[in-house]
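Below is one structure, written out as structure tokens; comments come after it.
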Amino acid sequence: MHVKLSRDLRQDPWFLIGLSLTLLFAGLALLGPPLAPFDPWDISFSPISPPSEMHLLGINDGGQDIFSELLYAIRNTVAFGLLSGFTALVIGVLIGAVSGWFGGFVDAILMRIADIILAIPAIMILILTASLFQPPPYILALILASLMWPTISKAIRAQTLSLRESLHVRAASQMGGGNWHIIRRHLIPEMFPLYLIGFAAKTRMAVFMEASLAFLGLFDPSRKSLGMMIAYALKYYYMEVWWNWLMPPILCLSLIIMGVTFLAISLEKVVDPRLREALVEKTA
Amino acid sequence: MATGTNQAAGRFWQVITFSLAALAMIYLSYLLPRLLPGDFVTATYASANVTLTAEQEAGLRAYYTQDKGFGDYLLKLATLDWGYSYAFLTPVSDLFFGALPWTILLLGSANLISMFIGFVTGVEAAWRHGSRTEKGLVGGMTVLEGIPEICTGVILLVVFAYNLQWFPAAGAETAYAEGGFFQRLIDMAHHLALPLTTLVLAYFPGNFLLTRNSMMMVIKAHYIDTARAKGIFPRRIRYAHAARNALQPIVTRFGLRLAFMITGALVVERINSYPGLGTLLFNAIQTRDLPVIQAVVLFSSLIVLCVILGMEGVYRIIDPRIGNAR
């Protein structure tokens, strides 16, 4: 199943564009800050100057180099998204597999909790905690993850229920494989493509949330973030600075979100067999 | 199978789930501020220029710590006694209900418009599957889906409010304007245009892609062939036979996407300085006006819960089969 899947994916232009955008920004997040020409907290330049050879994107109102700021902001935004998406994925897969495999009472309780969490708007909890406690960003990323797992675990649970009846899983269980052994060695590897959808979708949501929280001013103001850069630049949009100060963070944020969106959409298209059949039959 | 008791039990669980979610939100809004280190008096006056005498401080503390537990808190919430805003010095409930109608106007119209356009274009695109128009539409929508509201909002603001000056950059009405009812209506629409366009551009691609994908599956069904064989008009097949079944995912996913949408609406209101809950929340965050933040967060979540629960009801009307699926 997986071999065919990767072949299908490699032929989908959306997947390739999404993958290259994601890799580009992951690379920028890793290598950006060492490449930054200036310290983004250095306020010694003359405020609001246009781009020059030394300062590729000019200087902001606080006398900081915008290009260096941008590189640090990309790292923070991407890191927040990946941390939150990955944690949500781990929680979601574990709970989904456990719930589907054990069934019965465990399943009923876990899925009830999932329903309740699903109904609570995550942004509101984040705004409340961020404005009351001003926690470090990684705590907010983890809180967001703890609110995002239910959709993943529902998908994983449904898949587990059908896998539970498949021959190889039944064979493993009849040969005396324990619960955890089966979950670890059979269920979790088998559902690999499903994770990727969940991971891409949740990372997209987390990046969006991070940008919005930063835009609303809920993070430490000295922490560079794309949302915060947009918020500051927007205050001066009536000056002729919008193309070198406002545009770069907007473009980067859009491209990051676009990259993960393309990944999620093309994976969904390839993995969901019903949709794929519908598409293939009509085009053939 | 489709027994009445089953359906009633499903609906009962739904209501229980939402009540528990609401209770969790209310309890968090009660608990979290009480976990803060120090107390309200030190927090407010620590950085102020006034120095309190010991008596004043004791008096203030006595006033602010009349904490009678969760039951009392619930009672205060129910009687709209949500405290006073530190920054505006008005009751929080006045601020909240002053801002709420604008948010409902903006979010409601954005949702209705984007659902309608997304649904119709989605149905038509799926019907013309394989054509160049359809491919172009899907491609364009996929790209649009990737552009967050912050970005479209800022771009529209810079282009249409600043460079072209076609639309106002802030507010919901012209202040102190006098005129008849219709002039006022046009003025409101003029102010609504930019934030509304931003939100529609953000919501509509998702609706389009969902409708198109589910239509693609419905179109293959045998009852569509039957309808065709009977010689029914294509438009009637599309909307009365196929689209009704394709409508489900839009409605089911609505609840899931609402939390996402709320985030976007907060940001878009702030970008266009639209006087709704988002701007109120933003100003409260800037001045660290905790009672306002708390009230906006809590009550907008409760409204969201009610809307999702209401949508579940709509969902059952659209597709009577689901009553026994749960």
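The values are calculated or read from the model by the stated rules, or taken from the named source; none is laboratory data. Please read all numbers here as calculations on a predicted model, not as lab measurements. Quick reminder, even Gly has a Cβ in these numbers, built from the backbone with ideal geometry, and neighbours come from all protein chains shown. The accessibility values were calculated without ligands, DNA or RNA, using every heavy atom of the protein model including side chains. Shrake-Rupley method; radii C 1.70, N 1.55, O 1.52, S 1.80 Å.
Before moving on, here are some points about what is shown:
- Contact annotation: residue pairs with Cβ atoms under 6 Å, 6 or more positions apart or on different chains, pairing a residue in segment A:260-284 that is modelled with pLDDT of 50 or more with a partner that is in a helix (DSSP H, G or I) and small (Gly, Ala, Ser), are A:Val260/A:Ala200; A:Phe262/A:Gly18; A:Leu263/A:Gly18; A:Leu263/A:Ala200; A:Ala264/A:Ala200; A:Ala264/A:Ala201.
- In summary, helices (runs of 4 or more DSSP H) completely within segment B:206-307 and bearing 2 or more residues that are of a type outside the set (Gly, Ala, Ser) and more than 30 Å from B:Met25 (Cα to Cα) occur at B:222-229, B:243-271.
- Matching residues in segment A:203-217 - criterion: being not hydrophobic (A, V, I, L, M, F, W, C) and not in a helix (DSSP H, G or I): A:Gly217
- Exactly one residue out of A:Gly81, A:Gly100 is away from every other protein chain (no Cβ under 14 Å) and crowded, with 16+ Cβ neighbours inside 10 Å: that is A:Gly100.
- Residues satisfying the stated conditions in segment B:13-41, i.e. more than 18 Å from B:Gly83 (Cα to Cα), open to solvent by 60 Å² or more (accessible area, probe 1.4 Å) and either at pLDDT below 80 or in contact with a Lys or Arg (Cβ under 6 Å, 6 or more places away or on another chain) (or both): B:Trp13, B:Leu35, B:Pro37, B:Gly38
- Of all residues making up segment A:86-112, the number that are without any contact (Cβ under 8 Å) to a residue 24 or more places away in the chain and under 20 Å from B:Ser19 (Cα atoms): 3
- Residue, most open to solvent (accessible area, probe 1.4 Å), within segment A:202-227, restricted to residues that are polar (S, T, N, Q) and more than 10 Å from the chain's Cα centre (by Cα): A:Ser222
Residue-by-condition table, conditions (1) within 19 Å of B:Leu302 (Cα to Cα); (2) open to solvent by less than 60 Å² (accessible area, probe 1.4 Å); (3) touching a residue at least 24 places away in the same chain (Cβ under 8 Å):
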residue	(1), (2), (3)
A:Met124	yes, yes, no
A:Ala141	no, yes, yes
A:Leu147	yes, yes, yes
A:Pro150	no, yes, yes
A:Lys154	no, no, yes
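- Whether a residue is assigned to a helix (DSSP H, G or I), within 14 Å of chain A (Cβ to nearest Cβ) and under 23 Å from B:Arg270 (Cα atoms) was assessed, and B:Ile113 does not pass this test.
- The helices (runs of 4 or more DSSP H) found entirely in segment A:58-135 that carry 2 or more residues being polar (S, T, N, Q) and farther than 30 Å from A:Phe192 by Cβ are A:122-133.
- Filtered by the rule that a residue be β-branched (Val, Ile, Thr) and at pLDDT below 70, segment A:44-68 gives a lone residue, A:Ile48.
- Candidates are the residues of segment A:242-259 that are away from chain B (no Cβ under 11 Å) and at pLDDT below 80; the one that is surrounded by the most Cβ atoms within 10 Å (Cβ to Cβ) is A:Trp245.
- Leading residue by the ranking (nearest to A:Leu213 (Cα to Cα)) among those in segment B:259-276 that are under 14 Å from the mean Cα position of the chain (by Cα) and more than 7 Å from chain A (Cβ to nearest Cβ): B:Gly264
- Residue satisfying condition, being of a type in the set (Phe, Trp, Tyr) and modelled with pLDDT of 80 or more, within set A:Phe219, A:Phe192: A:Phe219
- Some residue of segment B:138-159 being more than 8 Å from chain A (Cβ to nearest Cβ) and part of a loop (DSSP other than H, G, I, E, B): no
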